[in-house]
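No lab work stands behind these numbers, since they all come straight from the coordinates. All of these numbers come straight from a predicted model, not from anything done at the bench. All Cβ positions, glycine included, derive from the backbone under ideal geometry; neighbour counts span all protein chains shown.
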Amino acid sequence: MSAGPAPAPAAGQELRAGLDSLRRRVTSGDVGSLPVILGLVLIWAVFQYLNPNFLSPRNLTNLTVQIADIGIVSVGIVLVLLLGEIDLSVGSVYGLGSAVMAVLSVKQGWPTAPAIGAGILTGTAIGTFHGFFFTRFRIPSFVVTLAGLLTWFGAQLHVLGETGTINLTDPTITQLAGNFFSPTVGWILAVAVVAVLGVDVIIRRRRRANAGLPSIGLLGEVVKFVVIAAVIVGATAILASDRGVPMALLILLGFIIGFDIITTRTRFGRHIFAVGGNAEAARRAGISVNSIRIAVFALSGTMAAIGGIMGASRLLAVNYSSGTGDILLNAIAAAVIGGTSLFGGRGTVWSALTGALVIGSINNGLALLSAASDVKFMVTGGVLLAAVTIDAVARQGRQRAGV
């Protein structure tokens, strides 16, 4: 009895299914973080060509420290953008939160933890106020937070008083951005993270199987895991060859991972996406839209204040210009460039990291080339426009595809 034709290998079927899924996503405009990753690779290649020191371990380590404060602020901006709103006050809250912390620590002699806590709670209170005002009086968030931008900058000047500049010497505060863990600690953390990611893949597949849901292609999961593990190992090796793993980077990654879990695996996170996708439908589904909005703006203010404290730690001082300049621009640009939609309901907290890397790489690379500030702003503006264009085109593609 002759055997029938051999079935196609499972790996081949999964590969074809994965390619078909990718084609459908690209056709419908759902390209995810692919554009920003390709853009980051291009930016790094260009700057490395123009200055061979750009991809050196020392410069890449400096880059991770430089983006920590903007990345943290951008996490809060991502949450607000997921609602389809905007927060223009984060620069002023950044400055005021750091000013409160510095005055209490240096001038009033408060212990470090209460001083930092007071600075963070300042941001929380401001964000809660913005959210309440926005929801209670139905004033556009653009207007409320624009007023906040002016008001809280004035409050920052008042808090600092005539001193103007306060130098930070408390080692606990200065080490937030100035401390580096040994290569051994870095490798232990890297191995632990890779192990957790591997276990997470197994648990998710088992849960889907137990729930009777169709399983995601194993080949795609394995490829994704291998790529992420390679990035973690490569980054650890680069940082270990210089001064070690910066505490600032670990703080940033801690917030990103934490908020990624909140937004993707909790009811609160699902409600954020629901409100951002369609507030009226969310209200009819029983979601407290106003509570979600107030909570998100409170988180945005909190993250802005934390970013300000991290920035003060890196610069070892707080002054009248803290939180001014391009802080607001870079925080919003990082979220948008990273792939969070301006139209609400689509995005990921990880876009704060990828977007901050793009913004930070541009600033860092142009600084190595001794480029003028006007060039930096024009290049950043061009990249932001390209990101917004990609977002708009992707949205049109989703509408055509009925997604």
Among GLY71, GLY382, GLY244: highest mean-square fluctuation, GNM of the chain, C-alpha pairs under 10 Å: GLY382
Centre separation in Å (Cα based) which lies between region 322-394 and region 129-206: 17 Å
Under the span-like rule (Cα at least 20 Å along the axis, Kyte-Doolittle mean at least 0.0), DSSP H helices of the chain: 34-50, 68-82, 112-137, 141-160, 183-210, 218-240, 247-265, 289-315, 350-368, 373-401
Built amide H within the under 5 Å cut-off of GLY344, gap 5+: GLY84
Potential lengthening between ILE261 and ARG283 on full extension [0.36 nm per residue; Cα-Cα distance subtracted]: 5.6 nm
Charge context of GLY91, other residues only, Cβ under 13 angstrom, K/R +1, D/E -1: -3
Peptides 184-194, 357-367 ordered by average Cβ neighbours within 10 Å, highest first: 357-367, 184-194
Formal net charge of residues neighbouring GLY127 (Cβ-Cβ distance under 14 Å; K, R +1; D, E -1): -1
Packing rank of 297-307, 112-122, 233-243, 76-86, where each peptide gets the mean count of other beta carbons within 10 Å, highest leading: 297-307, 76-86, 112-122, 233-243
GNM result for the chain, Cα springs below 10 Å: residue of MET310, MET378, MET247 fluctuating most strongly: MET378
